[in-house]
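Please treat every number below as a calculation from the coordinates, not as lab data. The structure displayed is predicted, hence computed values, not measured ones. Neighbour counts are summed over all protein chains in view; Cβ atoms, including those assigned to glycine, are modelled from backbone coordinates with ideal geometry.
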Amino acid sequence: MDSSSSYFASGSHSHHHGAPAEPQRVYDLYSWSNISPNTRLVYCQNADAANEAVAQLNSKVLGFDLEWKPNFIKGRPENPVALVQLASADLVLLIHIFHMPTFPERLRDLLADETVVKAGVGIQSKFVLIAS
């Protein structure tokens, strides 16, 4: 059984033009905008926009993640963080820090604020990455 079978039910196979029919979808695709239609998504490419957006996060619990280009060379340090992702109930921020000449001050303050919980997978090691 292949991995796609957990997401699709086997449907009838059409031999129209020699191609099988697309399998019937068992699960709906997830979309945060369907679950939370009032949530805004903001993408920031400069420090001023990032500082302004971070100031709009009014939550003591945030979703947190980082993205960077993986390094496949053994013994080499990780590549620098490229994208910081923060989310509250009503705001999702994608902060593309890779090309920013300076790190956004409000983002630095927020990440250092111990009264704001940052929830994510493996974030202890990610804080080390962003600090470097």
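The table below lists the values:
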| read-out | value |
| --- | --- |
| Order by protection proxy (mean Cβ within 10 Å, highest first), peptides 57-65, 22-30 | 57-65, 22-30 |
| Those aspartates and glutamates that a straight Cα-Cα span of less than 17 Å connects to K69, excepting residues fewer than 8 apart in one chain | E78 |
| Point-to-point label distance, A19-L41, nm (Cα→Cβ direction, 7 Å offset) | 2.6 |
| Sorted peptide list for 77-85, 91-99, criterion being average Cβ within 10 angstrom, highest first | 91-99, 77-85 |
| Centroid-to-centroid separation of the range 82-110 and the range 61-77 [C-alpha atoms, Å] | 15 |
| Sum of side-chain charges, S59 neighbourhood, beta-carbon under 12 Å (Lys, Arg +1; Asp, Glu -1) | 0 |
